[in-house]
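**Q** Take a look at the following structure, please.
The values are calculated or read from the model by the stated rules, or taken from the named source; none is laboratory data. The structure displayed is predicted, hence computed values, not measured ones. Using ideal geometry, Cβ is built from the backbone for each residue, glycine included, and neighbour counts are taken over all protein chains shown.
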Protein chains: 4
Amino acid sequence: YGKNTIKFLRLHKEGKKQFVKEVEVCAHLRLTSPQEYLEGNNSLVIPTDTIKNIVLVLAKKNGISSLEQFAIDICNHFMTTFCQVAYVKAYVQEVPWQRLHEDGVPHIHSFICVPDGIRFCEAEQCRNGPLIVFAGIKDLKLMKTTQSGFEGFYKNEHTTLPERHDRILCGEFFCKWSYGECKDFDFNCIWKKIRECILEAFAGPPDCGEYSPSYQKTVNCIQMLVLSRVPQVQVIEVVLNNTFYNVVDMKNLGLTNDKEVLVPVETPYGSCACTLGRK
Amino acid sequence: YGKNTIKFLRLHKEGKKQFVKEVEVCAHLRLTSPQEYLEGNNSLVIPTDTIKNIVLVLAKKNGISSLEQFAIDICNHFMTTFCQVAYVKAYVQEVPWQRLHEDGVPHIHSFICVPDGIRFCEAEQCRNGPLIVFAGIKDLKLMKTTQSGFEGFYKNEHTTLPERHDRILCGEFFCKWSYGECKDFDFNCIWKKIRECILEAFAGPPDCGEYSPSYQKTVNCIQMLVLSRVPQVQVIEVVLNNTFYNVVDMKNLGLTNDKEVLVPVETPYGSCACTLGRK
Amino acid sequence: YGKNTIKFLRLHKEGKKQFVKEVEVCAHLRLTSPQEYLEGNNSLVIPTDTIKNIVLVLAKKNGISSLEQFAIDICNHFMTTFCQVAYVKAYVQEVPWQRLHEDGVPHIHSFICVPDGIRFCEAEQCRNGPLIVFAGIKDLKLMKTTQSGFEGFYKNEHTTLPERHDRILCGEFFCKWSYGECKDFDFNCIWKKIRECILEAFAGPPDCGEYSPSYQKTVNCIQMLVLSRVPQVQVIEVVLNNTFYNVVDMKNLGLTNDKEVLVPVETPYGSCACTLGRK
Amino acid sequence: YGKNTIKFLRLHKEGKKQFVKEVEVCAHLRLTSPQEYLEGNNSLVIPTDTIKNIVLVLAKKNGISSLEQFAIDICNHFMTTFCQVAYVKAYVQEVPWQRLHEDGVPHIHSFICVPDGIRFCEAEQCRNGPLIVFAGIKDLKLMKTTQSGFEGFYKNEHTTLPERHDRILCGEFFCKWSYGECKDFDFNCIWKKIRECILEAFAGPPDCGEYSPSYQKTVNCIQMLVLSRVPQVQVIEVVLNNTFYNVVDMKNLGLTNDKEVLVPVETPYGSCACTLGRK
């Protein structure tokens, strides 16, 4: 297969108000014949340069109403235009430009980059197969300074970790879900709703939070909440790359450190992942 | 000289509400004698490990009311404790944790990382010299999709750039300013005010913006606004690493692209910088 | 599942001569029951901290005769020690320290880091399944300044790429192969041989090279040579992330540029990949 | 001031044998008048695009016999061509392509990237001032597994570091030196000689090494050796960003770890630097 990455900006205006989407698109093709690999016969090969042109032309003609719709447009174009394409996948990722506000007033043409979780999506299709759409958020960093522990785990002669009932829970989340048969979904609205579910399930109620007995259970809570609140989601995968923090031992410096000063532990660096679907 | 970098978390509580600062501190020392370099005599050397302990102890004892105050505390400690220190500089940078909100309600112990410009500061002192404090913001990415041009520049046989009066202005800002004689400044409040000045000078009025004839002039506008609005600032340096975007030529694809689709130009990558002070 | 990353150094001596391996190990476990996700029951969970201890103890006891043997040791340990482990994968990657030489004389205890392709391996096992071993090289950057072209490709209205018969071929290679049933292989020796095959197939004979009609064909040549020369390899995957270079058009600067000055093209960024096995 | 970065490839042939230099050039200009900042008057501004064209034209016309000569060419061009330029600095850095060898035979047109220390240089000139040339190496990672200690340092109540006489010495070096009045130096030959001095002073004799009582002393040894062996060097700056390794305590795992397994310590991360010149 071959794939390539294209980065570009799509502007549009409504009256004097300007809108911007900056995206990175990665298109991934597999051809019906591997003859370019085996024989050096390029006659079916669609050059990277042509793929770039097609993506830019689609952006110009259709705009980018949502990342998902744009990914669907790309898949449709390649499947209907090139009979030598056996499989196409379009990955689209957004640069998180947000409109600037001055004293609460939105600016008509100025933006600030706010990378508090990056939105992405994927559409893929095999020839004669269904079009499948995924969406997700990545690089979302969250922290709870309390209401998290890790106890009752398996122990043997290699165990040195003490049990803890009041640790820091901190990590970077990657969440990716698939939509079922794609009807006329409002992808932008659904994405925002799922992001809120993730934050809510991570943090719990604002006034008291909710105790997390492990990273794994928190991952599962996120999945359960999304599946229960958002019927369009069929399967959701959550990966948590966690950062551990150790309370600094200040005894030999003559001080008691009551979980006030903590240092991140670079090694080991842990990750837990789970994929959960509907029955 | 020697320097080192320490990363840690400082938590504190007010009732049940939790507060968090995660910082990276880089302490930089120069000793009165270079004997450890020339002779391998370590008797005056303060090990990295000791510096780390001191920084953590200061964080534990004093907390981090502002980055600037913490940097000042570090300078003071080294100057008053070690007579072999000729110069000390403390750089402090913040991990931009923000309190999570659910439906507008602030969460008591959950946070999200929002890196829309990183706050940092520096305090430095030579023995018998004044304590000087700098503060700044870096990695602040801003974009204006119109009201920017570049015309009337110097031309010769190597010039290929066309004049443009409606281009994209986009870049990453680094701003660093110095405070005069440090009295009891409210560093947190001043920093927020300066950030607002930068955004305002970059973007102009929300309903119409303000035309930028060059990156350089925009840099100067930011400096002028900060100096005029914030009397505590003595000198301000602004560096703009700009990203160029080219409107994609779609003529040979049979389309007219009216500044709708643009691609970033990786090379050349430009930067302009200026330092401006009061008379 | 859960995984984690541990970085460490393993030293050993033979007489006064010192040897060093610095590796990054990523162990990946799946348990027989997902109860820690669903119920928050941690009783079967092996903490990251314990996994780290086990990896370090194995390094201490067994040494690292080859990355592959160390990965096998890790798999064996987890499978035989923990009956709750359903699947284990160990990824091991090397920091490329090479012994320093002074005027051709090897130094007994000094090393330099030479990252001209990073060696890695993977061993994986399901309970009651066979132990499978992969090895590979990544971040290997190669360039041919001639004997490469791209012609005869598919054309339509979106094609703008000209045919070229004398371009630069440049890219970063990722190669990963699997060994069949693991007997007493000399993994270090085989790895070196495969690396030589990759370089040879990429470059062709030293005095004249070999024409590459496409990135894809070069990928295939590498695979064919490895499979023909190294009987232990069962399947080989090659990914080439290529960098395009454009000859700078200097006509409007009054100069003829005969493929002397070229600039890298950042977008589109292409990649081609192929997996090839034995019949 | 303004600066910009340009990356390109320069090829040349001698018979059928091909040679390649890939460089990143950063040109840095300061104009005699700041009117473009203060007044938005662009009439003296040399656009980034023009600077890029000039650098590429110089590469085409002059070739790149050495990085230093190319940086000198750039400075000369700007100073003699543009009377509005008050100061110019050209930084040139090399992508470390090395000719491939097959069984010891050099390949006529194939190369491999071997980043074991990156060569760079800088030339700078103020109008009416001398042309000053610097050269250097960066990202050079070296390790000694023994013959290094740190003892007899300053101690107080914040000291927790034990004295050590057999630790690992490991770090990344940045070395930058200035040449005096530039005559017809063979910059390529001198650079290689200095690189050898750095390695030799770091490692000591191949059969026994030389004891390092501190990072600082090793930095000084490198400087002393370069100044004594290479008369063209006037001043040399060395920065060592060191990585600390701790011997893993395996007592509570029932094992004795005799400096066999060590883990890198991410925090604190230390750095020591020194600049040394001739009397």
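**Q** Out of curiosity, is B:L199 touching a residue at least 12 places away in the same chain (Cβ under 8 Å), touching a helix residue (DSSP H, G or I) at 6+ places or on another chain (Cβ under 8 Å) and either surrounded by fewer than 18 Cβ atoms within 10 Å (Cβ to Cβ) or within 14 Å of chain A (Cβ to nearest Cβ) (or both)?
**A** So B:L199 fails the test.
**Q** If we keep just the residues of region C:126-158 that are of a type in the set (S, T, N, Q) and surrounded by fewer than 23 Cβ atoms within 10 Å (Cβ to Cβ), which is farthest from the other protein chains (Cβ to nearest Cβ)?
**A** The qualifying residue farthest from the other protein chains (Cβ to nearest Cβ) is C:N128.
**Q** Restricting to region C:140-158, give me the number of residues that are more than 27 Å from D:K17 (Cβ to Cβ) and either among the aliphatic types (A, V, I, L, M) or not assigned by the TED database to the domain that holds C:Q232 (or both).
**A** Counting residues in region C:140-158 that are more than 27 Å from D:K17 (Cβ to Cβ) and either among the aliphatic types (A, V, I, L, M) or not assigned by the TED database to the domain that holds C:Q232 (or both) gives 0.
**Q** Also, I was wondering about something else. Please go through region C:202-244 and give me each residue that is within 11 Å of chain D (Cβ to nearest Cβ), under 29 Å from A:A27 (Cα atoms) and acidic (D, E), ordered by number.
**A** none
**Q** Looking at region C:61-74, can you tell me whether even one residue there is within 7 Å of another protein chain (Cβ to nearest Cβ) and surrounded by 21 or more Cβ atoms within 10 Å (Cβ to Cβ)?
**A** Checked region C:61-74: no residue is within 7 Å of another protein chain (Cβ to nearest Cβ) and surrounded by 21 or more Cβ atoms within 10 Å (Cβ to Cβ).
**Q** OK, next. Does region C:206-216 hold any residues that are touching an Asp or Glu at 6+ places or on another chain (Cβ under 8 Å) and surrounded by fewer than 21 Cβ atoms within 10 Å (Cβ to Cβ), and which are they?
**A** Hits for region C:206-216 are C:P206, C:P213.
**Q** Here is a follow-up. Counting only residues that are within 14 Å of another protein chain (Cβ to nearest Cβ) and part of a strand (DSSP E or B), how many does region B:101-125 have?
**A** Of the residues in region B:101-125, 12 are within 14 Å of another protein chain (Cβ to nearest Cβ) and part of a strand (DSSP E or B).
**Q** Any residue at all in region B:28-45 that's within 19 Å of B:V88 (Cα to Cα) and under 23 Å from the mean Cα position of the chain (by Cα)?
**A** Within region B:28-45, one or more residues are within 19 Å of B:V88 (Cα to Cα) and under 23 Å from the mean Cα position of the chain (by Cα).
**Q** Consider D:S110 against the criteria (1) hydroxyl-bearing (S, T, Y); (2) in contact with an Asp or Glu (Cβ under 8 Å, 6 or more places away or on another chain); (3) not assigned by the TED database to the domain that holds D:S271: it satisfies all of them except one. Which criterion is unmet?
**A** Of everything listed in (1) hydroxyl-bearing (S, T, Y); (2) in contact with an Asp or Glu (Cβ under 8 Å, 6 or more places away or on another chain); (3) not assigned by the TED database to the domain that holds D:S271, D:S110 misses just condition (2).
**Q** Something else about it: Name the single residue that is farthest from B:V20 (Cα to Cα) among those in region A:241-279 being touching a Leu at 6+ places or on another chain (Cβ under 9 Å) and not in a strand (DSSP E or B).
**A** Across region A:241-279, the extreme among qualifying residues is A:R278.
**Q** Hey, among A:C189, A:C197, A:C182, which residue is outside any strand (DSSP E or B), in contact with a Lys or Arg (Cβ under 6 Å, 6 or more places away or on another chain) and within 24 Å of A:I236 (Cβ to Cβ)?
**A** A:C197
**Q** Just name the residue that is nearest to the chain's Cα centre (by Cα) out of those in region A:245-279 that are surrounded by 20 or more Cβ atoms within 10 Å (Cβ to Cβ) and within 14 Å of chain D (Cβ to nearest Cβ).
**A** A:Y269
**Q** Still on this structure, I have one more. Restricting attention to region D:27-36, report how many residues are surrounded by fewer than 23 Cβ atoms within 10 Å (Cβ to Cβ), touching a Ser or Thr at 6+ places or on another chain (Cβ under 9 Å) and within 9 Å of another protein chain (Cβ to nearest Cβ).
**A** Residues flagged as surrounded by fewer than 23 Cβ atoms within 10 Å (Cβ to Cβ), touching a Ser or Thr at 6+ places or on another chain (Cβ under 9 Å) and within 9 Å of another protein chain (Cβ to nearest Cβ) within region D:27-36 amount to 1.
**Q** Further, regarding this structure: Just give me the residues in region D:39-55 being more than 7 Å from chain B (Cβ to nearest Cβ) and surrounded by fewer than 21 Cβ atoms within 10 Å (Cβ to Cβ), in sequence order.
**A** The answer is D:E39, D:N41.
**Q** Please specify each residue of region C:222-243 satisfying the condition of being hydrophobic (A, V, I, L, M, F, W, C) and either touching a Lys or Arg at 6+ places or on another chain (Cβ under 7 Å) or crowded, with 21+ Cβ neighbours inside 10 Å (or both).
**A** C:I222, C:V226, C:L227, C:V230, C:V233, C:I236, C:V238, C:L240
**Q** Still on this model: Hey, could you check region A:159-196 for residues that are more than 11 Å from every other protein chain (Cβ to nearest Cβ) and basic (K, R) and say which is nearest to A:E260 (Cα to Cα)?
**A** A:R167
**Q** Another question, if that's okay. I'd like to check something: does region D:135-146 contain any residue that is under 28 Å from C:C170 (Cα atoms) and touching a Pro at 6+ places or on another chain (Cβ under 6 Å)?
**A** no
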